[in-house]
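*Asks:* Questions regarding the structure given below will be posed in turn.
The values are calculated or read from the model by the stated rules, or taken from the named source; none is laboratory data. Note that the structure is predicted; figures quoted are calculated from it, not measured. With ideal geometry, Cβ positions are generated from the backbone for all residues, glycine too; neighbour counts draw on all protein chains shown. What goes into the accessible areas is simple: the full protein's heavy atoms, side chains included, and nothing from ligands, DNA or RNA. Shrake-Rupley method; radii C 1.70, N 1.55, O 1.52, S 1.80 Å.
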2 protein chains.
Amino acid sequence: MPTKPLYGAIEAGGTKIVCAAGYGPTEIPEGCRAVIPTAAPGPTLAAMAEFFTQITAKCGALAAIGIASFGPVDVDRRSTTWGRILATPKPGWSDTSMVAPLERFGCPIAIDTDVNAAALAEARLGAGAGLGSLAYVTVGTGIGGGVVVADRTIKGLLHPEMGHIRVQRDLRDVDFPGICPFHGDCLEGLASGPAVLARWQSHAENLPEGHPGREILGDYLGQLAATIALLISCERIVFGGGVASGGRLLPYIRRSASHWLGGYLPVEARAGGFDRYITAPGLGDFAGAAGAFLLAMQAGQLC
Amino acid sequence: MPTKPLYGAIEAGGTKIVCAAGYGPTEIPEGCRAVIPTAAPGPTLAAMAEFFTQITAKCGALAAIGIASFGPVDVDRRSTTWGRILATPKPGWSDTSMVAPLERFGCPIAIDTDVNAAALAEARLGAGAGLGSLAYVTVGTGIGGGVVVADRTIKGLLHPEMGHIRVQRDLRDVDFPGICPFHGDCLEGLASGPAVLARWQSHAENLPEGHPGREILGDYLGQLAATIALLISCERIVFGGGVASGGRLLPYIRRSASHWLGGYLPVEARAGGFDRYITAPGLGDFAGAAGAFLLAMQAGQLC
């Protein structure tokens, strides 16, 4: 009798690495999940591999492993540095392979960015369930975005890095130079958590009702939404992360996107209006790990 | 003995509709090509259907038909208005079905935008041959863009409409309000052929060496290239169309894209530098028709 395939899933973030094994995103047996603090790569990756060694001893071989990783990471399978973290300010992590410690398990491995994985999970199981295409934007310490088209995440030269687009400045905000070390006042330099703190000495979620910061942040993020709609034409755009959390900025983001699109795209006719087009995540914090499972399941079918 | 499948290809533009039949983009038998002026939809589409009736009488049944159409067009197969031209200023064409007159041929039909089809052709046979992802931008009467990822064009809410993104204005150009009826000074409102003519009473290709217009247009188009790289991360970006023609603007576009990216993406390491990343088309005017053949061949295999 065939047994159900067991998948490994890894969500590698800047502060912690969540490892899990299960038969799918919502079928994780008792004791098949561990959280490892993101320390130096050597011990961190050793702990990750050790978790899966224990899992396979207990539950049998893994059918595939999916990794949803912080970036920048080489996700091009044809590249000689596939699976490696690229130049990063995280001490010791530049050029570290996320996949090498897992090769001992002899199963297909898929790796993608955390936000691409989250986009995949939201497209399949969350806010975009039933839609073929979706963009997932997270607004927190940085601003990142992932994209799913036809049930696959997109990548190529690298992977989407949409936090670094430029935006039209709000006239009330022109004195703030932005904090992006590369671009100064790109979107991430203006609307990420640290940019909000630098400008208004407050977390975005604590800006009071009526504070112009809400409108300004919503405007900048809405410009990203409009740009996504024009370039990628996806069927839904999801905003998650601490700065966008709780949906407090969503009304401002929608209003801004609608303003900048100027009636050009059929958002009303084909997406049911901006309230349905631009939404909060459906899976909350679970999107990354769920996406890692889906990546594993895709890899298991492909190989 | 099995015969080679015969495909129909249609490139529907604002002034003419090119119809062809063949065994592939470069295998079009003598007499299997016709150019129909784009007049009122009734007689135009009747002439198109008549062409294929004659072809099938002479050469046998078509295996599939691919249409590379002007937009906006509904390219969502699940939609009840699939294959129809959406609201357009072209007299009589709004809500006209491009596919209905072809259903009598009883074969699969694929329809996509002209620029998505051109992107597909460039990715397979032209400037991006061997690459999995490519964006194709045409700069002429309007500015349009198509995208291929993993050998498929992208679509969703609608299709890419990237000509309408906003750009940072050049300080020498702030007095020009732009000509886009929706947005005024979006990219198309600033850098399309009519915008160039309105501003400098000259076609872009006739702007003399040293005219600031070259730098300004290159800057605006380079901002689109940078935005494409950040959002879609495709492996090559191709600029075609009258305004970009002959590659005269390419050095300015590359310089601008490099400036706005600020060293953030691995264009040197992974794409061989901006000279290879941002290029002229490889197929010239043939990209649209070639793409229509490729769409037909994809449809023939899928159905």
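*Asks:* Kindly provide the set of residues from region B:249-268 that are over 18 Å from A:Met162 (Cα atoms) and in contact with a Gly (Cβ under 9 Å, 6 or more places away or on another chain), ordered by number.
*Replies:* Quick first cut of region B:249-268, residues over 18 Å from A:Met162 (Cα atoms) only: B:249-255, B:268.
Result: B:Leu249, B:Leu250, B:Pro251, B:Tyr252, B:Ile253, B:Arg254, B:Arg255.
*Asks:* Now for a separate question. Is it true that A:Leu197 is away from chain B (no Cβ under 14 Å), open to solvent by 10 Å² or more (accessible area, probe 1.4 Å) and under 20 Å from the mean Cα position of the chain (by Cα)? Before you say what the answer is, go through the steps one by one.
*Replies:* Working: away from chain B (no Cβ under 14 Å): yes; open to solvent by 10 Å² or more (accessible area, probe 1.4 Å): yes; under 20 Å from the mean Cα position of the chain (by Cα): no.
No.
*Asks:* Next question, about the same structure. Out of the residues in region A:66-106 that are more than 18 Å from the chain's Cα centre (by Cα) and open to solvent by less than 10 Å² (accessible area, probe 1.4 Å), which is farthest from A:Tyr136 (Cα to Cα)?
*Replies:* Here the answer is A:Leu102.
*Asks:* May I pose another question? Starting from residues that are open to solvent by 20 Å² or more (accessible area, probe 1.4 Å) and touching a strand residue (DSSP E or B) at 6+ places or on another chain (Cβ under 8 Å), keep the ones in region B:153-182 and report whichever is farthest from the other protein chains (Cβ to nearest Cβ). Even if it seems obvious, please write down each step before you answer.
*Replies:* Looking only at region B:153-182, we keep the residues that are open to solvent by 20 Å² or more (accessible area, probe 1.4 Å), and these are B:155, B:161, B:166, B:168-172, B:174-177, B:179, B:181-182.
The next check asks that each one be touching a strand residue (DSSP E or B) at 6+ places or on another chain (Cβ under 8 Å); those that pass are B:155, B:161, B:166, B:168, B:177.
Details: B:Lys155: 6, B:Glu161: 5, B:Arg166: 6, B:Gln168: 6, B:Pro177: 14 Å.
So, considering only residues that are open to solvent by 20 Å² or more (accessible area, probe 1.4 Å) and touching a strand residue (DSSP E or B) at 6+ places or on another chain (Cβ under 8 Å), the one farthest from the other protein chains (Cβ to nearest Cβ) is B:Pro177.
*Asks:* A follow-up question, please. For region B:156-188, which positions are outside any helix (DSSP H, G or I), among the charged types (D, E, K, R) and in contact (Cβ under 8 Å) with a residue 12 or more places away in the chain?
*Replies:* Filtering region B:156-188 down to residues outside any helix (DSSP H, G or I) leaves B:156-161, B:165-170, B:174-186.
Right, trim to among the charged types (D, E, K, R) and you get B:161, B:166, B:169-170, B:175, B:185.
B:Glu161, B:Arg166, B:Arg169, B:Asp170, B:Asp185 - these are the residues of region B:156-188 that are outside any helix (DSSP H, G or I), among the charged types (D, E, K, R) and in contact (Cβ under 8 Å) with a residue 12 or more places away in the chain.
*Asks:* Can you tell me how many residues in region B:262-277 are more than 7 Å from chain A (Cβ to nearest Cβ) and without any contact (Cβ under 8 Å) to a residue 12 or more places away in the chain?
*Replies:* Number of matching residues: 4.
*Asks:* Still on this structure, I have one more. Can you confirm whether region B:120-143 contains a residue that is farther than 14 Å from B:Val238 by Cβ, facing chain A (nearest Cβ under 10 Å) and part of a strand (DSSP E or B)?
*Replies:* No, the conditions are met nowhere in region B:120-143.
*Asks:* Name the pairs whose Cβ atoms lie under 6 Å apart, with the first residue in region B:199-211 and farther than 14 Å from B:Gly247 by Cα, the second open to solvent by less than 100 Å² (accessible area, probe 1.4 Å), and 6 or more positions between them or separate chains?
*Replies:* B:Arg199/B:Phe176; B:Trp200/B:Gly213
*Asks:* Taking the stated definitions as given, is A:Leu224 touching a Gly at 6+ places or on another chain (Cβ under 8 Å), away from chain B (no Cβ under 11 Å) and either in contact (Cβ under 8 Å) with a residue 40 or more places away in the chain or over 15 Å from A:Ala280 (Cβ atoms) (or both)? Outline the logic, then answer.
*Replies:* Values: touching a Gly at 6+ places or on another chain (Cβ under 8 Å): yes; away from chain B (no Cβ under 11 Å): no; either in contact (Cβ under 8 Å) with a residue 40 or more places away in the chain or over 15 Å from A:Ala280 (Cβ atoms) (or both): yes.
So A:Leu224 fails the test.
*Asks:* With the structure loaded, tell me whether A:Val147 is in contact (Cβ under 8 Å) with a residue 24 or more places away in the chain, facing chain B (nearest Cβ under 8 Å) and open to solvent by less than 20 Å² (accessible area, probe 1.4 Å) or whether it fails that test.
*Replies:* yes
*Asks:* Still on this structure, I have one more. Which one of B:Ala244, B:Ala269, B:Ala229 is over 17 Å from the mean Cα position of the chain (by Cα) and open to solvent by less than 40 Å² (accessible area, probe 1.4 Å)?
*Replies:* On the way: B:Ala244 fails: over 17 Å from the mean Cα position of the chain (by Cα); B:Ala269 fails: open to solvent by less than 40 Å² (accessible area, probe 1.4 Å).
B:Ala229 is the lone residue from the list that is over 17 Å from the mean Cα position of the chain (by Cα) and open to solvent by less than 40 Å² (accessible area, probe 1.4 Å).
*Asks:* Within region A:230-261, how many residues turn out to be within 14 Å of another protein chain (Cβ to nearest Cβ), touching a residue at least 40 places away in the same chain (Cβ under 8 Å) and of a type in the set (Gly, Ala, Ser)?
*Replies:* Adding up the residues that qualify gives 1.
*Asks:* Continuing with this model, one more query. Which strands (runs of 3 or more DSSP E) does region A:1-98 wholly contain that include 3 or more residues that are modelled with pLDDT of 95 or more and in contact with a Gly (Cβ under 8 Å, 6 or more places away or on another chain)? So that I can check it myself, show each step before the final result.
*Replies:* Working: elements: A:7-12, A:16-22, A:33-37, A:64-69.
Per the criteria, A:7-12, A:16-22, A:64-69.
*Asks:* On the basis of being over 20 Å from A:Val115 (Cα atoms), open to solvent by 10 Å² or more (accessible area, probe 1.4 Å) and in contact with a helix residue (DSSP H, G or I) (Cβ under 7 Å, 6 or more places away or on another chain), does A:Arg236 make the cut? So that I can check it myself, show each step before the final result.
*Replies:* On the way: over 20 Å from A:Val115 (Cα atoms): no; open to solvent by 10 Å² or more (accessible area, probe 1.4 Å): yes; in contact with a helix residue (DSSP H, G or I) (Cβ under 7 Å, 6 or more places away or on another chain): yes.
Judged against the criteria, A:Arg236 is not a match.
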